[in-house]
1. For the Cα atoms of the chain, what angle does the longest principal axis make with the long axis of helix 110-122, in degrees from 0 to 90, nearest 10?
2. Just to confirm the filter: which trypsin sites (Lys or Arg not before Pro) across region 1-71 are DSSP coil and have at most 11 other Cβ within 10 angstrom of their Cβ?
3. For a protection proxy built on the mean count of beta-carbon atoms within 10 angstrom, sort 64-76, 89-101, 131-143, 109-121 highest first, please.
4. Compute the angle between helix 179-188 and the longest alpha-carbon principal axis of the chain, please, reported from 0 to 90 degrees and rounded to the nearest 10.
5. Taking K and R as +1 and D and E as -1, what net charge do the other residues with C-beta under 15 Å from the C-beta of Glu230 add up to?
6. What accessible area per residue comes out for region 110-172, rounded to a whole number of Å², with a 1.4 Å probe?
7. Rounded to the nearest 10 degrees, what's the angle between the helix 75-84 long axis and the longest principal axis of the chain, both from Cα atoms, 0 to 90?
8. Net charge within 12 Å of Thr32 by Cβ-Cβ distance, Lys/Arg positive one each and Asp/Glu negative one each, not counting Thr32 itself?
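The values are calculated or read from the model by the stated rules, or taken from the named source; none is laboratory data. Predicted, not measured: the structure shown is a model, and the values here were computed from it. Positions of Cβ are generated from backbone atoms using ideal geometry, with glycine treated the same way; all protein chains shown enter the neighbour counts. For accessibility, only protein heavy atoms count, side chains too; no ligands or nucleic acids. Shrake-Rupley method; radii C 1.70, N 1.55, O 1.52, S 1.80 Å.
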Amino acid sequence: MRKLLNDICNCNNLKKSLDGDKSNCCYKIVNTQNKEEFQLPEPWNGDLVNAPIMIIGSNPSINEDEFYPEYAWSEEAKLDFHNNRFFNKWVKDQKYVLLKDGNYATKSVAYWNKIRARVKEILPKDEIFMGQDFSLVELVRCKSKKEIGVKNAINQCLNNFFEKTLEKSNCEIIICFGKKPEKALKKFYKLEDKKYFEKIKIGGKDRVLVFIPHPCGSKPQKLELNLSFEEISKMKMILKKYL
């Protein structure tokens, strides 16, 4: 886990882009940030190894005021942040991020709220815990607003880190949100144009893989509006032991 975290946070493409290599595929996304307070790439969030569900997105959005790992942070602090982000001081009530001034944001993260609602459709618990019931991984690990630079970087980041990340995970179901990661993953794994796949070997393990519209987009995101009753029932059966 440490090697993977360090490889992602110290990616060669990140270094080249920060050094001004405009030909690099990651130059656009990397240079959306202030270099003096650069927030590192996001390797994962939550219990990557044990969470039964993994949520896949395009790339992490950025809040410049968030207290988030930078180069000066120790390896231990980075690991603690990404492994325990939702069960430590880093996030309050699984909704409000810790800010640099020591306070918590007054506005919750809409993306997280909507993901919990989708997960509850197949894991009907009284309360869904981010980081425990599901982990979060982005195809492009660098942060930006409105997916700036994702199109340029997505294939490189997918090739470099996705399989290596999934090799660490025992998740049984992968839910991918949004068109950009859907297109990239279907191309990478040579998948046909449908929304539900069983026994797709990802990271050396057979998984269920489903594709859903972005949770903050305009298209209906409920699983029941995107998948069949039978497909949803199969996922519920897989996850029954985690209730």
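1. Between the helix axis and the principal axis of the chain, the angle is about 20 degrees.
2. Numbers: sites: Arg2, Lys3, Lys15, Lys16, Lys22, Lys28, Lys35; in loops: Lys22.
Hits after loop and neighbour filter: Lys22.
3. On the way: 64-76: 13.8, 89-101: 15.8, 131-143: 24.5, 109-121: 17.6.
Packing order, densest peptide first, comes out as 131-143, 109-121, 89-101, 64-76.
4. Helix 179-188 sits roughly 80 degrees off the main axis of the chain.
5. Values: positive: Lys194, Lys195, Lys234, Lys236; negative: Glu121, Glu198, Glu224, Glu231.
The answer is 0.
6. Working: 2600 Å² over 63 residues.
That works out to 41 Å² for each residue.
7. 30
8. On the way: positive: Lys28, Lys35, Lys143, Lys145, Lys146; negative: Glu64, Glu147.
Charge balance near Thr32 sits at +3.
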